[in-house]
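Below is one structure, written out as structure tokens; comments come after it.
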Amino acid sequence: MQLRSFRLSLRFVLPLALVLALFAYAAVPLMDSLTLRWFVRDLDIRSQFLARALEQPLLEYVPQKARRKITQLFDRAIQDERLYALAFCDAGGRVLYQTVTYPESLGCRTMPLKEGEHLSLVRLPQGAVHVAESPVSQDAEHLGKLILVHDMSFIERRSADTKKYVISLFGLLGVVISFIAVFIAHVSWRGWIRGVKGILSGDMLQPAKSTAPPEMLPVIGDLRSMLRDLHMERQGQDSLPQAWTPEKLRTLLHSELAGDQVIVVSNREPYIHEMTSGGIAVRRPASGLVTAVEAVMRACSGTWIAHGSGSADRDVVDRNDRVPVPPANPSYTLRRVWLTKEEEEGYYYGFANEGLWPLCHIAHVRPVFRSGDWDQYVQVNQRFADAVIKEARTDDPVVLVQDYHFALLPRMVREALPKATIITFWHIPWPNPESFGICPWREEILEGLLGSTILGFHTPFHRKNFLETVDRYLETRIESEASTISYGGKLTQVEHYPISIAWPEDAQTDGESAADCRIAIRQELGLGAEHLLGIGVDRLDYTKGIIERFQAVERMLERHPEMIGRFVFVQIAAPSRSSLDEYQNFEARVRNLAQRINRRFEDGSYRPIVLKAQHHDQDELQRYYCAADVCLVTSLHDGMNLVAKEFIAARNDEQGVLILSQFTGAARELHEALIVNPYHIEEGADALYRALSMPRVEQRERMRSMRALVKDFNVYRWAGRMLVDAARLRQRERVMTKIRSHSLASLRRVG
Ligand code: G6P
């Protein structure tokens, strides 16, 4: 290695030495002529000065022809070591007085210059001299001129010295540069080699790992931006309209993740088996997460691990706790995990829903953190991680971890299956670092999530909050531009992937058209055909802004009394987490407010608010969506909110207006909705009135545009983009492994 770096240095040093030699060769004559010019100018000035000093005595002595005095004057003057000789010529050009040293050949110095001589420089047999002439005149009478001759031999001596110095200086410079070059080459050889290897293998392109030598950073920067462009291009291709269908997702899985197993983990299961008086019934839970992921799983046919929470769940599983689903037409496996009452209390109700849920939703409900809940949360995460490990048929499955119930699971799985591709999706908002800092186990939560290969959020804003939180509380390397976090030698890509719904293939109301639904639902509610209908569909959750929505209805009726008796608002509210105090209190507040408003505006059988606080299946919801004139989604904070998208998908008649809270992820995509601040009651009331009086043409324009967007940006695209990214990372990981084993093999051969 040393010999190689020495040879490399020589390749650099030899040309350098050559250039320096050429430079010295050209520089010496140049310096010679420069110094000569300086000296001549110096002697010109000096001669003028001396001539002025001698002029006065000469003006006195010359007319007197005082030879002795003039000779003495001249002899005294040439005692100056540089002044070599003096002479005085009369106006006729004859030398009258001179020192003995005055060279005869100079005469009165009117002789022509020889070629190559400087104006005042004369080369004599005894050496070079500087000759200057100065006229001596009195009262316009020209007496003659003084000729001053300076010795120039010292200049030649100095020039020879200068030559010596310049050559030695360049020589020394050459030696010093050579040493520095050899030293730097030697020291940075390893760094360069590591850098080049890193670039070739792709490591350095991951900004978080940039231990590259500084001189390589520009190259790495260029490569990185090229790769990012490529990535963006690929993402761009992914976003082609009409591109994402279940078939496309399936094809992608087979082509890009061929043979790879997909395992989903979520707390809520997609199908709940309940024991009823009529036998076992299957129920679909009210969960946007489940609705979205289920569509993906139908296309992917993997294994979904979830908490078996139904009263008949155990009755339908095999001895491995598995059941094929969907029950009518099985296409994937549901693997149930059983939780004890204590586990469910601590992990689900306690830590997840009394701690993390209010922590992440800024809805002014205080999070509660208890050590006992945390212990259960850790334990249950480990139990689900063990289930993933057990279900994995290979050492590198694709694991899709869902939501805030499993913040620790990604790291747990990563430790057991280092080659797994772990995609974690956080379905709820991520708060700012200060808010998140409230959590006593914030570091553990962050560390757990950073076990993921990809960590997804709905919006760029939540993604940014997460990066800032990690930056605040963990020692990591964050590359904001590339959106990666390097922690403990592992890289996590943090991205935003807005979730969506599966676009319905046809009219989804069992053949019932929007017009039929409109009439049917009004009849069921005891309303006339021309009654205006508003709808809200939520879990009974304090984050959904149900109270504010009712207040907006009340204010609208106050402001527009003509709407009393004409407008009815139906709130479908699925009971949720009802054993928690906060939820019980909330339900009571909702019921009381609905009652108060109804009492205020009731008229005969007319009630402005119809509260349906029970579970409704998807088909029933579709009928309400189709029947409504306006749908109100007024969450105080929501990761995405799929009700907004479901309402749009249901409206194949291109009618109906969506009122949407600005604090939902959906508001970032559905710009044609009437966007409101749910906290501002008058704003909500105005939006409601505007929606109810909106011309059909405007409704159509808005609805058509939103439908086109939701259709293209559907749930298959959401999953597809994550899987494409995962496939890319896996592919790279495999190539890297191959490169590593090849390099190892070649090293062994060489060794
Ligand atoms: C939110 C969460 C989901 C959850 C759903 C229903 O959408 O992000 O993870 O499944 O609420 O809540 P539940 O507690 O009934 O599962």
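Quick note: the coordinates plus some simple rules give every number you see, no bench work behind them. If you're wondering where the values come from, they're calculated on a predicted model, not measured in any experiment. Note: ideal-geometry Cβ built from the backbone for every residue, glycine included; neighbour counts use all protein chains shown.
Here are the numbers for this structure:
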read-out: Charge tally in the Cβ shell below 15 Å around ARG94, where Lys, Arg are +1 and Asp, Glu are -1, ARG94 excluded; value: +1
read-out: Å³ per residue enclosed by the Cα convex hull of region 31-156; value: 107 Å³
read-out: Binned Cα-Cα distance frequencies in region 514-712 - 10 Å width, integer %; value: 9, 39, 40, 12, 1
read-out: Net charge over other residues, Cβ less than 12 angstrom from the Cβ of ARG284 (K, R count +1; D, E count -1); value: -4
read-out: Selection from PRO418, PHE39, GLY456, by position along the positive dipole direction of the chain (Cβ); value: PHE39
read-out: Within the chain: Cβ-based charge dipole about Cα centre, in debye rounded to nearest 20 (Lys, Arg +1; Asp, Glu -1); value: 2940 debye
read-out: Net dipole in debye of region 247-360 [+1 Lys, Arg Cβ; -1 Asp, Glu Cβ; about Cα centre; nearest 20]; value: 360 debye
read-out: Base-10 log of normalised Debye intensity for region 443-518 (one unit scatterer per alpha-carbon) at q = 0.16 Å⁻¹; value: -0.59
read-out: Sequence of VAL317, VAL19, VAL750, VAL401 once ranked by neighbouring C-beta atoms within 10 Å, starting from the fewest; value: VAL750, VAL19, VAL317, VAL401
read-out: Area projected by the alpha carbon convex hull of the chain, averaged over all directions, nm²; value: 57.9 nm²
read-out: For region 583-629, diffusion coefficient by Stokes-Einstein and Kirkwood Rh (Cα), 25 °C, 0.890 mPa s, µm²/s; value: 197 µm²/s
read-out: Gain upon complete extension [SER168, TYR606; 0.36 nm per residue less C-alpha separation]; value: 146.8 nm
read-out: For region 514-712, share of DSSP beta bridges that run antiparallel, in % to the nearest 5; value: 5 percent
read-out: Where only alpha carbons of region 391-438 are counted, the Rg and the Dmax (Å); value: 13.1, 42
read-out: Selection from VAL19, PRO678, PHE586, by position along the positive dipole direction of the chain (Cβ); value: VAL19
read-out: Local electrostatic count, GLU495, Cβ distance below 11 Å [Lys/Arg +1, Asp/Glu -1]; value: +1
read-out: Karplus 3J(HN,Hα) series, Hz, for region 439-445 with 6.51 cos²θ - 1.76 cosθ + 1.60 (x for Gly, Pro); value: 5, x, 10, 4, 5, 4, 4
read-out: Share antiparallel - DSSP beta bridges, region 347-485, percent rounded to 5; value: 20 percent
read-out: Cα lying deepest toward the dipole's positive end in region 31-156, options LEU50, ALA128, HIS142, charges on Cβ; value: HIS142
read-out: Relative contact order for region 31-156, counting Cα pairs under 8 Å that sit 6 or more residues apart, in percent; value: 27 percent
read-out: At 1.002 mPa s and 20 °C, Stokes D of region 606-738 from Kirkwood alpha-carbon radius, µm² per second; value: 128 µm²/s
read-out: Only Lys, Arg (+1) and Asp, Glu (-1) charged, at Cβ; region 514-712 dipole about Cα centre in debye; value: 120 debye
read-out: Principal axes of region 483-605: Cα extent on each, largest first, Å; value: 70, 41, 31
read-out: Ranked ARG577, ARG477, criterion: other C-beta atoms within 10 Å, fewest first; value: ARG477, ARG577
read-out: Value of [θ]222 nm, deg cm²/dmol, for the chain, DSSP H segments ≥ 4, -39500 (n - 2.57) each, nearest 500; value: -16000 deg cm²/dmol
read-out: Order of MET694, MET152 under a 10 Å beta carbon neighbour criterion, fewest first; value: MET694, MET152
read-out: Percent RCO, i.e. relative contact order, over the chain, from Cα pairs under 8 Å lying at least 6 residues apart; value: 10 percent
read-out: Extension gain (nm, one decimal) between THR737 and VAL282, 0.36 nm per residue minus Cα-Cα; value: 159.2 nm
